[in-house]
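Reading through the C-alpha coordinates given below for one structure.
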Ligand code: ADP
Ligand code: MG
(Lines give C-alpha, C1' and ligand atoms only; values in the text may rest on other atoms or scores of the structure.)
(Ligands and ions follow the chains in the order given, each with its own letter.)
Protein backbone atom coordinates (compact mmCIF):
# COMPACT_ATOMS: atom_id res chain seq x y z
CA UNK A 1 0.00 0.00 0.00
CA UNK A 2 1.21 3.54 -0.73
CA UNK A 3 2.36 5.33 2.37
CA UNK A 4 -0.27 8.09 2.13
CA UNK A 5 -3.09 5.60 1.77
CA UNK A 6 -1.69 3.38 4.48
CA UNK A 7 -1.53 6.20 7.01
CA UNK A 8 -4.94 7.52 6.06
CA UNK A 9 -6.51 4.19 6.70
CA UNK A 10 -4.61 3.69 9.97
CA UNK A 11 -5.61 7.04 11.47
CA UNK A 12 -9.09 6.61 10.05
CA UNK A 13 -9.57 3.52 12.13
CA UNK A 14 -7.84 5.05 15.11
CA UNK A 15 -10.09 8.08 14.99
CA UNK A 16 -13.09 5.90 15.59
CA UNK A 17 -11.49 4.33 18.61
CA UNK A 18 -10.11 7.24 20.59
CA UNK A 19 -11.48 10.39 22.18
CA UNK A 20 -12.11 13.15 19.64
CA UNK A 21 -10.28 15.60 21.87
CA UNK A 22 -7.13 13.52 21.76
CA UNK A 23 -7.52 12.81 18.10
CA UNK A 24 -8.05 16.43 17.11
CA UNK A 25 -5.27 17.61 19.33
CA UNK A 26 -2.53 15.23 18.37
CA UNK A 27 -3.20 13.63 14.99
CA UNK A 28 -3.89 16.32 12.40
CA UNK A 29 -0.75 16.90 10.33
CA UNK A 30 0.81 13.50 10.98
CA UNK A 31 2.03 11.41 8.04
CA UNK A 32 4.23 8.50 7.10
CA UNK A 33 7.48 9.81 5.71
CA UNK A 34 9.45 6.59 5.21
CA UNK A 35 8.63 2.98 4.64
CA UNK A 36 11.63 0.69 4.67
CA UNK A 37 10.44 -2.69 3.43
CA UNK A 38 13.86 -4.28 3.79
CA UNK A 39 14.36 -3.45 7.46
CA UNK A 40 10.63 -3.47 8.14
CA UNK A 41 10.52 -0.01 9.62
CA UNK A 42 8.16 2.91 9.19
CA UNK A 43 8.75 6.52 10.13
CA UNK A 44 5.84 8.71 11.13
CA UNK A 45 6.28 12.46 11.09
CA UNK A 46 4.35 14.47 13.68
CA UNK A 47 3.70 18.21 13.49
CA UNK A 48 5.03 18.96 16.94
CA UNK A 49 6.97 17.48 19.78
CA UNK A 50 3.96 17.13 21.99
CA UNK A 51 2.09 15.31 19.27
CA UNK A 52 5.06 13.01 18.71
CA UNK A 53 5.52 12.29 22.41
CA UNK A 54 1.87 11.64 23.07
CA UNK A 55 1.34 9.44 20.05
CA UNK A 56 4.52 7.47 20.75
CA UNK A 57 3.64 6.84 24.35
CA UNK A 58 -0.08 6.24 24.09
CA UNK A 59 -0.81 4.88 20.64
CA UNK A 60 2.33 3.13 19.44
CA UNK A 61 1.02 -0.40 20.07
CA UNK A 62 -2.29 0.29 18.44
CA UNK A 63 -0.64 1.88 15.43
CA UNK A 64 1.77 -1.07 15.14
CA UNK A 65 -1.19 -3.46 15.15
CA UNK A 66 -3.16 -1.47 12.64
CA UNK A 67 -0.18 -1.43 10.30
CA UNK A 68 0.33 -5.15 10.81
CA UNK A 69 -3.30 -5.72 9.84
CA UNK A 70 -2.70 -3.93 6.56
CA UNK A 71 0.84 -4.91 5.64
CA UNK A 72 0.54 -8.46 7.01
CA UNK A 73 4.00 -8.03 8.42
CA UNK A 74 5.44 -6.65 11.63
CA UNK A 75 6.99 -3.19 11.20
CA UNK A 76 8.90 -1.17 13.76
CA UNK A 77 7.35 2.26 13.99
CA UNK A 78 9.35 5.36 14.87
CA UNK A 79 7.95 8.82 15.45
CA UNK A 80 9.77 12.02 14.55
CA UNK A 81 8.98 15.69 14.24
CA UNK A 82 9.89 17.97 11.38
CA UNK A 83 11.92 19.94 13.87
CA UNK A 84 15.68 19.29 13.57
CA UNK A 85 15.90 18.45 17.25
CA UNK A 86 13.35 15.72 16.90
CA UNK A 87 15.74 12.86 17.41
CA UNK A 88 17.39 14.05 20.57
CA UNK A 89 16.83 12.46 23.90
CA UNK A 90 15.79 15.55 25.77
CA UNK A 91 13.26 15.10 28.50
CA UNK A 92 9.74 15.41 27.23
CA UNK A 93 8.22 18.84 27.36
CA UNK A 94 6.39 19.91 30.50
CA UNK A 95 3.21 20.21 28.51
CA UNK A 96 3.44 16.63 27.45
CA UNK A 97 4.24 15.36 30.94
CA UNK A 98 1.18 16.85 32.40
CA UNK A 99 -1.10 15.60 29.67
CA UNK A 100 -0.02 12.07 30.01
CA UNK A 101 0.64 11.75 33.69
CA UNK A 102 -2.11 13.92 34.96
CA UNK A 103 -0.06 15.73 37.54
CA UNK A 104 2.31 18.58 37.84
CA UNK A 105 5.49 16.92 36.80
CA UNK A 106 7.88 19.38 35.42
CA UNK A 107 11.28 18.32 34.29
CA UNK A 108 12.47 21.73 33.22
CA UNK A 109 14.05 23.43 36.23
CA UNK A 110 13.97 26.92 34.75
CA UNK A 111 10.23 26.62 34.44
CA UNK A 112 10.01 25.53 38.06
CA UNK A 113 11.99 28.60 39.10
CA UNK A 114 9.67 30.84 37.13
CA UNK A 115 6.68 29.37 38.80
CA UNK A 116 8.19 29.72 42.25
CA UNK A 117 8.97 33.36 41.66
CA UNK A 118 5.47 34.11 40.48
CA UNK A 119 3.77 32.53 43.49
CA UNK A 120 0.52 30.62 43.48
CA UNK A 121 -1.69 33.30 42.06
CA UNK A 122 -0.77 35.38 39.09
CA UNK A 123 -2.67 38.39 37.81
CA UNK A 124 -5.17 38.74 40.65
CA UNK A 125 -6.22 42.04 42.22
CA UNK A 126 -7.65 41.87 45.72
CA UNK A 127 -10.31 44.52 45.12
CA UNK A 128 -12.59 42.29 43.10
CA UNK A 129 -14.49 39.91 45.34
CA UNK A 130 -17.86 38.17 45.44
CA UNK A 131 -18.69 40.26 48.48
CA UNK A 132 -18.58 43.52 46.61
CA UNK A 133 -20.38 42.19 43.55
CA UNK A 134 -24.02 43.21 43.58
CA UNK A 135 -26.33 40.50 42.35
CA UNK A 136 -29.52 41.13 40.41
CA UNK A 137 -31.66 39.47 37.77
CA UNK A 138 -29.18 40.66 35.14
CA UNK A 139 -26.25 38.63 36.45
CA UNK A 140 -27.62 36.05 38.90
CA UNK A 141 -26.86 32.99 36.80
CA UNK A 142 -23.29 34.09 36.08
CA UNK A 143 -22.76 34.90 39.76
CA UNK A 144 -24.20 31.59 40.99
CA UNK A 145 -22.11 29.52 38.63
CA UNK A 146 -19.01 31.59 39.43
CA UNK A 147 -19.53 30.91 43.15
CA UNK A 148 -19.93 27.25 42.51
CA UNK A 149 -16.78 27.15 40.37
CA UNK A 150 -14.90 28.90 43.17
CA UNK A 151 -16.21 26.38 45.72
CA UNK A 152 -15.23 23.33 43.72
CA UNK A 153 -12.92 24.14 40.85
CA UNK A 154 -12.51 21.64 38.04
CA UNK A 155 -15.67 19.68 38.75
CA UNK A 156 -19.13 20.60 37.58
CA UNK A 157 -18.84 23.67 35.41
CA UNK A 158 -15.82 23.27 33.24
CA UNK A 159 -15.15 25.26 31.22
CA UNK A 160 -17.24 28.17 32.41
CA UNK A 161 -17.74 31.08 30.02
CA UNK A 162 -19.22 34.46 30.83
CA UNK A 163 -20.13 36.88 28.08
CA UNK A 164 -21.49 40.40 28.09
CA UNK A 165 -20.98 43.87 26.70
CA UNK A 166 -18.16 45.93 28.14
CA UNK A 167 -18.29 47.25 31.67
CA UNK A 168 -20.80 44.77 33.03
CA UNK A 169 -18.61 42.85 35.47
CA UNK A 170 -16.82 40.05 33.58
CA UNK A 171 -13.39 40.96 34.85
CA UNK A 172 -14.82 41.46 38.31
CA UNK A 173 -16.31 37.96 38.38
CA UNK A 174 -13.24 36.23 36.95
CA UNK A 175 -11.07 37.96 39.51
CA UNK A 176 -13.51 37.11 42.30
CA UNK A 177 -13.33 33.43 41.37
CA UNK A 178 -9.54 33.57 41.49
CA UNK A 179 -9.42 35.46 44.78
CA UNK A 180 -11.87 33.11 46.47
CA UNK A 181 -10.00 30.01 45.35
CA UNK A 182 -6.70 31.57 46.47
CA UNK A 183 -8.12 31.92 49.98
CA UNK A 184 -9.82 28.54 50.27
CA UNK A 185 -7.35 26.45 48.34
CA UNK A 186 -3.87 27.92 48.74
CA UNK A 187 -2.51 24.67 47.33
CA UNK A 188 -3.89 25.45 43.88
CA UNK A 189 -2.04 27.41 41.24
CA UNK A 190 -4.12 30.15 39.65
CA UNK A 191 -3.36 32.16 36.53
CA UNK A 192 -5.39 35.15 35.41
CA UNK A 193 -4.56 36.64 32.03
CA UNK A 194 -6.31 38.26 29.11
CA UNK A 195 -6.56 36.94 25.57
CA UNK A 196 -4.34 39.83 24.60
CA UNK A 197 -1.69 38.80 27.18
CA UNK A 198 -1.70 35.31 25.73
CA UNK A 199 -1.23 36.65 22.24
CA UNK A 200 1.51 39.09 23.21
CA UNK A 201 3.49 36.52 25.14
CA UNK A 202 3.28 34.06 22.31
CA UNK A 203 4.52 36.66 19.82
CA UNK A 204 7.43 37.52 22.09
CA UNK A 205 8.29 33.90 22.67
CA UNK A 206 8.19 33.15 18.96
CA UNK A 207 10.55 36.02 18.34
CA UNK A 208 13.06 34.61 20.81
CA UNK A 209 12.45 31.19 19.43
CA UNK A 210 13.24 32.33 15.92
CA UNK A 211 16.31 34.29 16.95
CA UNK A 212 17.91 31.84 19.31
CA UNK A 213 16.39 28.50 18.54
CA UNK A 214 14.72 26.43 21.20
CA UNK A 215 11.17 25.43 21.84
CA UNK A 216 8.00 27.00 23.09
CA UNK A 217 8.31 24.84 26.20
CA UNK A 218 8.45 27.70 28.64
CA UNK A 219 5.47 29.40 27.11
CA UNK A 220 3.44 26.22 27.07
CA UNK A 221 4.36 25.45 30.66
CA UNK A 222 3.32 28.87 31.87
CA UNK A 223 -0.21 28.35 30.66
CA UNK A 224 -0.62 24.68 31.33
CA UNK A 225 1.07 24.41 34.68
CA UNK A 226 -2.00 25.68 36.52
CA UNK A 227 -4.98 24.34 38.39
CA UNK A 228 -7.16 27.29 37.51
CA UNK A 229 -6.87 29.32 34.32
CA UNK A 230 -8.91 32.51 34.08
CA UNK A 231 -8.78 34.05 30.59
CA UNK A 232 -10.44 37.41 30.23
CA UNK A 233 -11.59 38.77 26.86
CA UNK A 234 -10.49 35.63 25.11
CA UNK A 235 -12.01 36.85 21.82
CA UNK A 236 -8.66 38.51 21.12
CA UNK A 237 -7.05 35.21 20.21
CA UNK A 238 -9.34 34.97 17.17
CA UNK A 239 -7.99 35.52 13.69
CA UNK A 240 -4.45 34.28 14.16
CA UNK A 241 -3.61 30.66 13.39
CA UNK A 242 -0.60 30.15 15.64
CA UNK A 243 -2.30 31.76 18.58
CA UNK A 244 -5.38 29.63 18.17
CA UNK A 245 -3.22 26.54 17.79
CA UNK A 246 -1.32 27.22 21.00
CA UNK A 247 -4.50 28.17 22.81
CA UNK A 248 -6.11 24.96 21.69
CA UNK A 249 -3.23 22.94 23.08
CA UNK A 250 -3.24 24.72 26.41
CA UNK A 251 -6.99 24.48 26.71
CA UNK A 252 -7.13 20.76 25.93
CA UNK A 253 -4.22 20.04 28.19
CA UNK A 254 -5.87 21.66 31.19
CA UNK A 255 -9.27 20.32 30.34
CA UNK A 256 -8.09 16.74 30.03
CA UNK A 257 -6.39 17.10 33.38
CA UNK A 258 -9.62 18.33 34.93
CA UNK A 259 -8.21 21.76 35.67
CA UNK A 260 -10.68 24.60 35.93
CA UNK A 261 -10.96 26.95 32.95
CA UNK A 262 -12.97 30.17 33.12
CA UNK A 263 -13.32 32.40 30.10
CA UNK A 264 -14.90 35.72 29.32
CA UNK A 265 -15.86 37.11 25.92
CA UNK A 266 -17.64 40.18 24.67
CA UNK A 267 -20.26 38.12 22.82
CA UNK A 268 -21.54 34.59 22.41
CA UNK A 269 -18.70 32.33 21.16
CA UNK A 270 -20.64 31.48 18.02
CA UNK A 271 -20.60 35.17 17.09
CA UNK A 272 -16.87 35.75 17.46
CA UNK A 273 -15.51 36.40 13.99
CA UNK A 274 -12.52 34.35 12.82
CA UNK A 275 -12.57 32.03 15.79
CA UNK A 276 -11.91 28.45 14.70
CA UNK A 277 -14.95 26.29 15.18
CA UNK A 278 -12.97 23.65 17.08
CA UNK A 279 -12.25 26.37 19.66
CA UNK A 280 -15.69 27.93 19.85
CA UNK A 281 -17.16 24.47 20.27
CA UNK A 282 -14.83 23.88 23.20
CA UNK A 283 -15.98 27.12 24.78
CA UNK A 284 -19.48 25.76 24.67
CA UNK A 285 -18.67 22.41 26.22
CA UNK A 286 -19.32 23.44 29.79
CA UNK A 287 -21.47 26.24 31.12
CA UNK A 288 -22.22 29.56 29.44
CA UNK A 289 -23.84 32.52 31.19
CA UNK A 290 -24.41 36.02 29.93
CA UNK A 291 -24.82 39.27 31.85
CA UNK A 292 -26.97 42.25 31.00
CA UNK A 293 -27.09 45.84 32.10
CA UNK A 294 -28.49 45.97 35.66
CA UNK A 295 -31.86 47.62 36.13
CA UNK A 296 -32.13 50.88 38.01
CA UNK A 297 -32.56 49.25 41.44
CA UNK A 298 -29.42 47.19 41.04
CA UNK A 299 -27.58 50.23 39.74
CA UNK A 300 -28.59 52.17 42.87
CA UNK A 301 -27.47 49.28 45.03
CA UNK A 302 -24.07 49.24 43.30
CA UNK A 303 -23.63 52.95 43.97
CA UNK A 304 -24.75 52.64 47.59
CA UNK A 305 -22.21 49.90 48.18
CA UNK A 306 -19.55 52.00 46.53
CA UNK A 307 -20.36 55.10 48.57
CA UNK A 308 -20.31 53.06 51.74
CA UNK A 309 -16.96 51.55 50.93
CA UNK A 310 -15.47 54.95 50.10
CA UNK A 311 -17.12 56.41 53.24
CA UNK A 312 -18.82 59.13 51.25
CA UNK A 313 -21.75 60.97 52.68
CA UNK A 314 -24.34 61.23 49.95
CA UNK A 315 -28.11 60.95 49.97
CA UNK A 316 -29.97 58.04 48.40
CA UNK A 317 -31.86 60.52 46.29
CA UNK A 318 -28.61 61.68 44.71
CA UNK A 319 -27.41 58.12 44.10
CA UNK A 320 -30.75 57.19 42.57
CA UNK A 321 -30.53 60.18 40.30
CA UNK A 322 -27.17 59.00 38.95
CA UNK A 323 -28.47 55.45 38.64
CA UNK A 324 -31.49 56.59 36.69
CA UNK A 325 -29.45 58.65 34.27
CA UNK A 326 -26.56 56.36 33.45
CA UNK A 327 -27.79 53.28 31.69
CA UNK A 328 -24.90 52.33 29.44
CA UNK A 329 -22.83 50.10 31.70
CA UNK A 330 -21.55 49.74 35.25
CA UNK A 331 -18.13 51.12 34.44
CA UNK A 332 -19.68 54.37 33.23
CA UNK A 333 -22.02 54.38 36.18
CA UNK A 334 -19.06 54.26 38.53
CA UNK A 335 -17.27 56.83 36.40
CA UNK A 336 -20.19 59.23 36.63
CA UNK A 337 -20.38 58.75 40.38
CA UNK A 338 -16.68 59.52 40.83
CA UNK A 339 -16.96 62.48 38.51
CA UNK A 340 -19.88 63.90 40.48
CA UNK A 341 -18.00 63.55 43.74
CA UNK A 342 -14.81 65.04 42.35
CA UNK A 343 -16.77 67.92 40.88
CA UNK A 344 -18.55 68.81 44.10
CA UNK A 345 -15.30 68.55 46.05
CA UNK A 346 -13.52 70.80 43.59
CA UNK A 347 -16.35 73.32 43.78
CA UNK A 348 -16.50 73.00 47.55
CA UNK A 349 -20.21 72.23 47.48
CA UNK A 350 -22.39 69.39 48.72
CA UNK A 351 -22.88 66.52 46.31
CA UNK A 352 -26.61 66.61 45.63
CA UNK A 353 -28.90 66.24 42.64
CA UNK A 354 -28.13 69.75 41.47
CA UNK A 355 -24.36 69.36 41.51
CA UNK A 356 -24.69 65.95 39.89
CA UNK A 357 -26.71 67.54 37.12
CA UNK A 358 -23.98 70.06 36.59
CA UNK A 359 -21.23 67.48 36.69
CA UNK A 360 -22.94 64.95 34.46
CA UNK A 361 -24.17 67.60 32.08
CA UNK A 362 -20.52 68.22 31.42
CA UNK A 363 -19.89 64.54 30.75
CA UNK A 364 -22.56 64.37 28.13
CA UNK A 365 -21.34 67.50 26.42
CA UNK A 366 -17.76 66.20 26.51
CA UNK A 367 -18.79 62.94 24.92
CA UNK A 368 -20.40 64.65 21.99
CA UNK A 369 -17.80 67.32 21.66
CA UNK A 370 -15.15 64.71 21.43
CA UNK A 371 -13.85 65.06 17.97
CA UNK A 372 -13.66 61.50 16.78
CA UNK A 373 -11.42 61.03 13.79
CA UNK A 374 -12.92 59.16 10.83
CA UNK A 375 -9.82 56.93 10.71
CA UNK A 376 -10.50 55.91 14.29
CA UNK A 377 -14.10 55.04 13.48
CA UNK A 378 -12.99 52.78 10.64
CA UNK A 379 -10.17 51.18 12.59
CA UNK A 380 -12.46 50.43 15.55
CA UNK A 381 -14.96 48.82 13.21
CA UNK A 382 -12.20 46.73 11.62
CA UNK A 383 -10.92 45.64 14.99
CA UNK A 384 -14.42 44.81 16.20
CA UNK A 385 -14.86 42.44 13.28
CA UNK A 386 -11.29 41.22 13.43
CA UNK A 387 -10.43 42.31 9.94
CA UNK A 388 -7.95 44.81 8.51
CA UNK A 389 -8.79 48.41 7.64
CA UNK A 390 -7.44 47.76 4.17
CA UNK A 391 -10.02 45.02 3.74
CA UNK A 392 -12.80 47.51 4.47
CA UNK A 393 -11.29 49.86 1.92
CA UNK A 394 -10.58 47.07 -0.54
CA UNK A 395 -12.53 45.36 -3.28
CA UNK A 396 -13.46 42.07 -1.67
CA UNK A 397 -17.20 41.49 -1.58
CA UNK A 398 -17.53 38.60 0.82
CA UNK A 399 -20.15 38.82 3.53
CA UNK A 400 -17.66 39.17 6.38
CA UNK A 401 -16.12 42.26 4.74
CA UNK A 402 -19.21 43.85 3.22
CA UNK A 403 -21.03 44.14 6.53
CA UNK A 404 -18.23 46.04 8.31
CA UNK A 405 -17.88 48.20 5.18
CA UNK A 406 -21.57 49.13 5.30
CA UNK A 407 -21.37 49.82 9.01
CA UNK A 408 -18.38 52.10 8.34
CA UNK A 409 -20.44 54.09 5.84
CA UNK A 410 -23.29 54.29 8.29
CA UNK A 411 -21.23 55.39 11.28
CA UNK A 412 -19.08 57.86 9.36
CA UNK A 413 -22.32 59.53 8.45
CA UNK A 414 -23.88 59.29 11.87
CA UNK A 415 -20.94 60.09 14.12
CA UNK A 416 -18.77 62.26 11.90
CA UNK A 417 -21.63 63.62 9.81
CA UNK A 418 -19.49 63.55 6.72
CA UNK A 419 -20.88 64.06 3.22
CA UNK A 420 -21.34 60.84 1.22
CA UNK A 421 -18.65 61.83 -1.24
CA UNK A 422 -16.06 62.23 1.48
CA UNK A 423 -17.05 58.92 3.06
CA UNK A 424 -16.52 57.28 -0.32
CA UNK A 425 -13.05 58.77 -0.54
CA UNK A 426 -12.12 57.60 2.94
CA UNK A 427 -13.34 54.09 2.18
CA UNK A 428 -11.02 53.39 -0.72
CA UNK A 429 -12.36 55.76 -3.36
CA UNK A 430 -15.95 54.60 -3.65
CA UNK A 431 -18.71 56.35 -5.49
CA UNK A 432 -21.16 58.41 -3.40
CA UNK A 433 -24.10 56.31 -4.63
CA UNK A 434 -22.37 53.19 -3.33
CA UNK A 435 -22.04 54.86 0.04
CA UNK A 436 -25.67 55.89 -0.05
CA UNK A 437 -26.73 52.30 -0.69
CA UNK A 438 -24.59 51.12 2.20
CA UNK A 439 -26.05 53.66 4.61
CA UNK A 440 -29.56 52.83 3.45
CA UNK A 441 -29.00 49.11 3.83
CA UNK A 442 -27.93 49.48 7.45
CA UNK A 443 -30.72 51.94 8.21
CA UNK A 444 -33.30 49.59 6.72
CA UNK A 445 -31.95 46.53 8.54
CA UNK A 446 -32.10 48.43 11.81
CA UNK A 447 -35.65 49.51 11.11
CA UNK A 448 -36.59 45.94 10.31
CA UNK A 449 -35.44 44.91 13.78
CA UNK A 450 -32.08 43.27 13.02
CA UNK A 451 -31.31 42.83 16.67
CA UNK A 452 -27.80 41.54 16.18
CA UNK A 453 -26.82 44.45 13.97
CA UNK A 454 -28.31 46.87 16.45
CA UNK A 455 -26.26 45.40 19.24
CA UNK A 456 -23.08 45.36 17.19
CA UNK A 457 -23.49 49.00 16.22
CA UNK A 458 -24.21 50.08 19.76
CA UNK A 459 -21.15 48.20 20.99
CA UNK A 460 -18.94 49.76 18.33
CA UNK A 461 -20.28 53.22 19.11
CA UNK A 462 -19.65 52.67 22.76
CA UNK A 463 -16.02 51.77 22.13
CA UNK A 464 -15.53 54.71 19.78
CA UNK A 465 -17.09 57.23 22.10
CA UNK A 466 -15.64 56.03 25.38
CA UNK A 467 -12.12 54.89 24.50
CA UNK A 468 -9.54 57.61 24.92
P1 LIG B 1 -16.08 44.01 32.04
O2 LIG B 1 -14.90 43.16 32.35
O3 LIG B 1 -17.32 43.22 31.73
O4 LIG B 1 -15.81 45.03 30.98
P5 LIG B 1 -15.66 44.99 34.72
O6 LIG B 1 -15.64 43.73 35.48
O7 LIG B 1 -14.37 45.65 34.46
O8 LIG B 1 -16.46 44.83 33.35
O9 LIG B 1 -16.65 46.00 35.46
C10 LIG B 1 -16.56 47.41 35.34
C11 LIG B 1 -16.65 48.04 36.70
O12 LIG B 1 -17.95 47.85 37.20
C13 LIG B 1 -15.71 47.40 37.71
O14 LIG B 1 -15.19 48.39 38.54
C15 LIG B 1 -16.60 46.46 38.49
O16 LIG B 1 -16.13 46.30 39.81
C17 LIG B 1 -17.93 47.15 38.45
N18 LIG B 1 -19.07 46.24 38.47
C19 LIG B 1 -19.61 45.60 37.41
N20 LIG B 1 -20.65 44.86 37.79
C21 LIG B 1 -20.77 45.01 39.11
C22 LIG B 1 -21.67 44.49 40.09
N23 LIG B 1 -22.67 43.67 39.77
N24 LIG B 1 -21.49 44.85 41.38
C25 LIG B 1 -20.50 45.71 41.71
N26 LIG B 1 -19.64 46.23 40.85
C27 LIG B 1 -19.76 45.90 39.56
MG1 MG C 1 -13.03 43.26 31.45
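The values are calculated or read from the model by the stated rules, or taken from the named source; none is laboratory data. As the structure is a computational prediction, the values presented were derived from the model and not from experiment. In this analysis, Cβ positions are derived from the backbone assuming ideal geometry, glycine residues included, and neighbour counts consider all displayed protein chains.
For the condition at pLDDT 95 or above and not in a loop (DSSP other than H, G, I, E, B), what is the one hit in 117, 69, 147, 112? Spell out how you get there, then give the answer.
Details: 117 fails: at pLDDT 95 or above; 69 fails: at pLDDT 95 or above; 112 fails: at pLDDT 95 or above.
Sole residue among the options that is at pLDDT 95 or above and not in a loop (DSSP other than H, G, I, E, B): 147.
Just for the range 144-176: of the residues that are within 16 Å of ligand 2 (Cβ to nearest atom) and more than 17 Å from the chain's Cα centre (by Cα), which one is surrounded by the fewest Cβ atoms within 10 Å (Cβ to Cβ)? Outline the logic, then answer.
Looking only at the range 144-176, we keep the residues that are within 16 Å of ligand 2 (Cβ to nearest atom), and these are 146, 160-176.
Pick out the ones that are also more than 17 Å from the chain's Cα centre (by Cα) and you get 146, 176.
On the way: 146: 26, 176: 24.
Top of the filtered list is 176.
Given the conditions (1) within 16 Å of ligand 1 (Cβ to nearest atom); (2) not in a helix (DSSP H, G or I), report the number of the one that residue 298 does not fulfil.
With (1) within 16 Å of ligand 1 (Cβ to nearest atom); (2) not in a helix (DSSP H, G or I) applied to residue 298, the lone miss is (2).
Would it be correct to say that residue 162 is touching a residue at least 60 places away in the same chain (Cβ under 8 Å), within 18 Å of residue 254 (Cα to Cα) and within 16 Å of ligand 1 (Cβ to nearest atom)? Let's see the steps before the verdict.
Details: touching a residue at least 60 places away in the same chain (Cβ under 8 Å): yes; within 18 Å of residue 254 (Cα to Cα): no; within 16 Å of ligand 1 (Cβ to nearest atom): yes.
When the stated conditions are applied, residue 162 does not pass them.
So which of 248, 192 is more than 16 Å from ligand 2 (Cβ to nearest atom), under 17 Å from the mean Cα position of the chain (by Cα) and farther than 23 Å from residue 382 by Cα?
Working: 192 fails: more than 16 Å from ligand 2 (Cβ to nearest atom).
Only one candidate passes the filter, namely 248.
Would you check if there is a residue in the range 310-321 being within 16 Å of ligand 2 (Cβ to nearest atom) and in contact with a helix residue (DSSP H, G or I) (Cβ under 7 Å, 6 or more places away or on another chain)?
Residues of the range 310-321 that are within 16 Å of ligand 2 (Cβ to nearest atom), as a first pass: none.
Checked against the condition, which is being within 16 Å of ligand 2 (Cβ to nearest atom) and in contact with a helix residue (DSSP H, G or I) (Cβ under 7 Å, 6 or more places away or on another chain), the range 310-321 yields no hits at all.
Pick from 168, 199: which is more than 16 Å from ligand 1 (Cβ to nearest atom) and either touching a residue at least 40 places away in the same chain (Cβ under 8 Å) or touching a strand residue (DSSP E or B) at 6+ places or on another chain (Cβ under 6 Å) (or both)?
Values: 168 fails: more than 16 Å from ligand 1 (Cβ to nearest atom).
Only one candidate qualifies: 199.
If a residue must be surrounded by fewer than 18 Cβ atoms within 10 Å (Cβ to Cβ), without any contact (Cβ under 8 Å) to a residue 60 or more places away in the chain, assigned to a helix (DSSP H, G or I) and within 16 Å of ligand 1 (Cβ to nearest atom), how many such residues does the range 307-338 contain?
Residues in the range 307-338 being surrounded by fewer than 18 Cβ atoms within 10 Å (Cβ to Cβ), without any contact (Cβ under 8 Å) to a residue 60 or more places away in the chain, assigned to a helix (DSSP H, G or I) and within 16 Å of ligand 1 (Cβ to nearest atom): 4 in total.
Only one of (1) over 32 Å from the mean Cα position of the chain (by Cα); (2) surrounded by 15 or more Cβ atoms within 10 Å (Cβ to Cβ); (3) assigned to a helix (DSSP H, G or I) fails for residue 4. Which number is that?
(2)
If I go through the range 209-234 residue by residue, how many of them are surrounded by fewer than 19 Cβ atoms within 10 Å (Cβ to Cβ) and in contact with a helix residue (DSSP H, G or I) (Cβ under 9 Å, 6 or more places away or on another chain)? Spell out the reasoning first.
From the range 209-234, those surrounded by fewer than 19 Cβ atoms within 10 Å (Cβ to Cβ) are 209-215, 218; that's our starting set.
Remaining after also requiring in contact with a helix residue (DSSP H, G or I) (Cβ under 9 Å, 6 or more places away or on another chain): 209, 213-215, 218.
Looking only at that region, the number is 5.
At least 1 residues that are at pLDDT below 95 and over 30 Å from the mean Cα position of the chain (by Cα) in each: list the helices (runs of 4 or more DSSP H) lying fully within the range 349-468 that qualify. Don't jump to the end; show me each part of the working.
Numbers: elements: 353-369, 374-384, 389-393, 399-414, 420-426, 432-447, 451-466.
Of the helices (runs of 4 or more DSSP H) lying wholly inside the range 349-468, those with at least 1 residues that are at pLDDT below 95 and over 30 Å from the mean Cα position of the chain (by Cα) span 353-369, 399-414, 420-426, 432-447.
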